[in-house]
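Report on the structure given below.
Nothing in this text is a laboratory measurement; each read-out follows from the coordinates by a stated rule. Model, not experiment: these values are computed from the prediction. Glycine also receives a Cβ, built like all others from the backbone with ideal geometry; neighbour counts cover every protein chain displayed.
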Amino acid sequence: MNKYEIMFIVKATQESADVKKTADNAKKLLTTKSSKVVEMKELGEKKLAYPIKKEINGYYYVMQVEATKEEITEFDRKIKLDENVLRHLIIKLDEE
């Protein structure tokens, strides 16, 4: 199992319950298999540096994850299909 940090931005123009549901769905994509979410932080709504899909604000989330490469690849594929996620970034953390 490798350690990853995943950051994603959810559209802020939807209802707050829908924002939370989108974040929970992203978390469920990883917890359905052997991977585990160590920590999930909601950083709140922030103004984007530039408009993305005509959105100027977004809700930021950061997750610390332990998963295999295959699970991260599958997460990457599925999160791209979610229309409510504006951007995401996956970083593999160094082994200590």
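General remarks:
- From D76, D82, D24, D94, residue being among the acidic types (D, E) and touching a His at 6+ places or on another chain (Cβ under 8 Å): D76
- Unmet criterion (only one of (1) in a strand (DSSP E or B); (2) surrounded by fewer than 18 Cβ atoms within 10 Å (Cβ to Cβ)) for Y59: (2)
- Qualifying residue in the stretch 56-74 (condition: charged (D, E, K, R) and in contact with a helix residue (DSSP H, G or I) (Cβ under 6 Å, 6 or more places away or on another chain)): no
- Of all residues making up the stretch 22-56, the number that are of a type outside the set (V, I, T) and in a strand (DSSP E or B): 15
- Total residues in the stretch 50-96, condition farther than 25 Å from S16 by Cα, over 16 Å from the mean Cα position of the chain (by Cα) and without any contact (Cβ under 8 Å) to a residue 24 or more places away in the chain: 3
- Reported count of residues in the stretch 69-96, each being surrounded by 14 or more Cβ atoms within 10 Å (Cβ to Cβ) and of a type in the set (S, T, N, Q), is 1.
- When the stretch 1-30 is limited to residues that are loosely packed, with under 13 Cβ neighbours inside 10 Å and free of Cβ contacts under 8 Å to residues at least 40 places away in the same chain, the one that is farthest from A67 (Cα to Cα) turns out to be E15.
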